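Here's the structure we're looking at; comments come further down.
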Amino acid sequence: MFRALLFGIPVGITFVDCVGYVAKVDGVSMQPSLNPDLSATSDFVFLSRWSWRKFNYSRGDVVSLISPKNPNQAIIKRVIGLEGDLVKTLGYRRKYLRVPRGHFWVEGDHTGHSLDSNHFGPVALGLITAKATSIVWPPHRWGPLESYIPGGRQPLNSEPLKNNAFCDDLGEFIE
Amino acid sequence: MLGSVVRSAAALVQVGCLAHCTLEFCADFVVCEGPSMEPTICGSDILLAEHISVRSRIISKGSVVIVRSPSDPHSYICKRVIAGPGDRVPIVGSSSFVPKGHVWLEGDNKLNSTDSRAFGPVPFGLVRGRAVMKLWPPSDIGFV
């Protein structure tokens, strides 16, 4: 019995760490994609860890990441801009911003009710922990999570990244 | 015959998973490159890095940490924690506070290190491990 536990637990942890796990979504920041009706039960999503190490995400993907403001909190947001993209911000201290190297721009679908890049700026790719692929609970919400960019939020352009782009935006991190 | 094949495959999976958990959650080995941490750590030194204190958020000032590079998620950098959230740090021309959830990292080789002085404070979520011991070269074995 003890032996079975000793060997079973690492197998389970490795599965969760390499394949994925199910997590509950809290809050209104991703409405209407997730938790469209707060009075009903919260949505549960499957977070895929399968290709996590490649950090190969596209605009429109829903990802879970460690909050840059609080390392104990995981947040779920949509990728709006990748490195080198020029995004038009909503209430950030600069109106237009070039996403620096190794970073990305995240937003919740519920514009104005989401603590996202418009609040804390571009985020390092390394903070992403998983990609949300589908809604698994409640049953009537079963289905894949579509990858799309909400209307009007497309990056203004995706010019190739200049070498010094990372340094140009340094002022952004210093508060 | 078939039974023994299945049994050894299962044993192999178990050992692999145990190794994965140890390297991912307890400690792993890191090869450092580049001059930024000289003289504490020189190029191609092998370090033992533990992950427990990172997961329990008890990284103190002065620790040498392994951090996912903010400019490239595929590479790691090795720096010393100089300041934590709320601390005042000097930057060119003025000084500034480290924001909540971030740490300020600097290399020991101040003249040849790309660190927080260049890319700003780093979110704690990027910290992966704390260097505890130097394992190689043999003449240098000891705690960091």
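The table that follows gives values for the structure above.
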read-out: Farthest positive-ward along segment A:1-107 dipole, Cα basis, beta-carbon charges - from A:LEU6, A:PRO32, A:TYR96; value: A:TYR96
read-out: Reachable lysines from B:LYS100, criterion Cα separation under 16 angstrom, eight or more residues apart if same chain; value: A:LYS69, B:LYS61
read-out: Shape of the protein assembly as shown, Cα gyration tensor, a/c cut at 1.5; value: oblate
read-out: Residues of segment A:84-120 with amide N under 20 Å of a point placed 7 Å along Cα→Cβ from A:ALA40; value: A:109-111
read-out: Cα-centre dipole for the protein assembly as shown with unit charges at Cβ (Lys and Arg positive, Asp and Glu negative), debye to 20; value: 280 debye
read-out: Under 21 Å from the Cα of A:LYS88 - lysines, other chains or at least 8 residues apart; value: A:LYS77, A:LYS162
read-out: Stretch gain in nm, segment A:THR111-A:ARG3, where the contour uses 0.36 nm per residue and the Cα spacing is subtracted; value: 33.7 nm
read-out: Within the accessible area of segment A:19-153 (1.4 Å probe), percent carbon and sulfur; value: 56 percent
read-out: Exposure of A:THR41 as accessible area (Å², to 10), given a probe of 1.4 Å and all protein chains; value: 90 Å²
read-out: List A:LYS69, A:LYS77, ordered by accessible area with a 1.4 Å probe, largest first; value: A:LYS69, A:LYS77
read-out: In order through segment B:104-114: 3J(HN,Hα) via Karplus (6.51 cos²θ - 1.76 cosθ + 1.60), integer Hz, x for Gly, Pro; value: 10, 10, 9, x, 6, 8, 4, 7, 9, 8, 8
read-out: Summed buried accessible surface, chains B and A, 1.4 Å probe, nearest 100 Å²; value: 2500 Å²
read-out: Of A:PRO139, A:PRO122, A:PRO150, the one that fluctuates the most in a GNM where chain A has Cα springs shorter than 10 Å; value: A:PRO139
read-out: Cα centre as origin, Lys/Arg/Asp/Glu Cβ charges: chain B dipole, Debye; value: 480 debye
read-out: A:GLY84 long-range amide H proximity, modeled H, under 5 Å; value: A:VAL99
read-out: Net +/- balance of residues flanking A:ARG153 in space, Cβ distance below 13 Å, scoring K and R +1, D and E -1; value: 0
read-out: Mean separation of Cα contacts under 8 Å, 6 or more apart, over the residue count of chain B: relative contact order %; value: 25 percent
read-out: Rg over Rh [alpha-carbon atoms, Kirkwood Rh] for segment B:37-123; value: 0.95
read-out: Which of B:SER44, B:CYS78, B:CYS32, positive extreme of dipole for segment B:27-143 (C-beta unit charges); value: B:CYS78
read-out: Rounded to whole Hz, the Karplus (6.51, -1.76, 1.60) HN-Hα couplings of segment A:3-9, x for glycine and proline; value: 4, 4, 5, 4, 9, x, 4
read-out: Listed residues B:ALA83, B:ALA19, B:ALA131, most fluctuating in chain B (Gaussian network, C-alpha, under 10 Å); value: B:ALA19
read-out: Table column - 3J(HN,Hα) (Hz), segment A:64-76, Karplus curve with 6.51, -1.76, 1.60, x for Gly and Pro; value: 9, 9, 7, 4, x, 8, 8, x, 8, 10, 9, 10, 10
read-out: Distant-in-sequence amide H partners of A:TRP137 (H built 1.01 Å from N, under 5 Å); value: A:PHE44
read-out: Residue with peak Gaussian network fluctuation, chain A [Cα springs, cutoff 10 Å], from A:ASP109, A:ASP26, A:ASP85; value: A:ASP26
read-out: Percent RCO, i.e. relative contact order, over segment A:19-153, from Cα pairs under 8 Å lying at least 6 residues apart; value: 30 percent
read-out: Distance between modelled label sites at B:PHE143 and B:SER75, nm, 7 Å Cα→Cβ extension; value: 3.2 nm
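The values are calculated or read from the model by the stated rules, or taken from the named source; none is laboratory data. Fair warning: this is a prediction, and the values are worked out from it, not measured in the lab. For neighbour counting, all protein chains shown are included, and Cβ atoms are generated from backbone atoms with ideal geometry for every residue, glycine included. Just the protein is used for accessible areas: all its heavy atoms, side chains included, with ligands, DNA and RNA removed. Shrake-Rupley method; radii C 1.70, N 1.55, O 1.52, S 1.80 Å.
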